[in-house]
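Report on the following structure.
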């Protein structure tokens, strides 16, 4: 069965399997580019069956931006500024709302490019320090990261996030961290110092407790058990920690809410939030294609239930409160 998405069309899912370790199977067209290249599977059959296409290596590019903070003007988001040391994310979450905004402006695709072409802001720590030294800067909480994950795999080697945390500590500026990666525990020493000054909190995003789902939905994120372990480690060391059940995808992971809350509460989580799945721009066809390739028996149900909470659409208008939805599926409260 093929589900038609009125917003975008995609190649037949059975023809283009996702490369190993990736969630997107194709590069969707870039809305800012007039040309788009697609693989013709009939001409590249050897690439589709264990050949080069089966593995798409990660490439890294240098970002030469001269400012580091992004300003948020959405009334339903609890911070004004965010900092993302990386553009694109190797975690490869198929639902990521940052796919179009992070990459299409650079001439890349929101599809495979987003998870295989990572743009590195090498000067992030220095630019952050310059910001804090300005007389006009008013100390306030900065979200790290508000877009792509600041603890994605490349951070293990470059340590840009760690160096930014050193700047936050030096200037006594508060920071909130959102991540899906156990790597956050590497910086326990800095986080403890920040916590002692009441300058930090950490939120672990837990989409599912089922590794068979997370391995295809968000293929290069930490195993669910490692996220819970990170939560426990942070809590035991006096660092305020909570959980984001994000995104909440009706018909796919909503039945896990009680289990996720119980697991996180037992590991020291102090708060819980949820965010309904958002499918802006090219994320819509990518997500529909992912459903058809990976869970064809539930694809129609998931699409139908997303439409129920989005007034018949697969995504919400820009003015919509991102933390709420309409209809019976949108009524939800999370409590410990």
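What follows draws every value from the coordinates through simple rules; no lab data is involved. Keep in mind it's a predicted model, so treat the numbers as computed, not measured. Please note: Cβ atoms are built from the backbone with ideal geometry, for glycine as well, and neighbour counts cover all protein chains shown.
The modelled label-to-label distance between residue 60 and residue 259, using points 7 Å beyond Cα along the C-beta direction, is 3.7 nm. Computed over the stretch 215-315, the convex hull of the alpha-carbon atoms projects to a mean area of 7.0 nm². When all alpha carbon pairs of the stretch 57-275 are counted in 10 Å bins from zero, the resulting P(r) reads 8, 35, 38, 17, 2, 0 %. In the stretch 179-268, the ratio of gyration radius to Kirkwood radius, Rg to Rh, stands at 0.99 when only Cα atoms are counted.
Counting neighbouring beta carbons within 10 Å and listing from fewest to most, the residues 114, 132, 108, 287 come out as 132, 108, 287, 114.
Over the stretch 57-275, Cα pairs under 8 Å with separation of 6+ residues give a relative contact order of 18 percent.
Label sites at residue 297 and residue 130, each approximated as a point 7 angstrom past Cα along Cα to Cβ, lie 5.6 nm apart. Full extension of the chain between residue 196 and residue 237 yields a length gain of 13.7 nm, computed as 0.36 nm times the residue separation minus the alpha carbon distance. Sorted ascending by nearby beta carbons within 10 Å, beginning with the fewest, 255, 138 become 138, 255. Between residue 313 and residue 271, the FRET efficiency estimated from the beta carbon spacing at R0 = 35 angstrom works out to 0.75. Among 58, 179, the ranking by other beta carbons within 10 Å of each residue's beta carbon, starting with the fewest, stands as 58, 179. Length gained on full extension, residue 229 to residue 72, computed as 0.36 nm times the residue gap minus the Cα-Cα distance: 53.4 nm.
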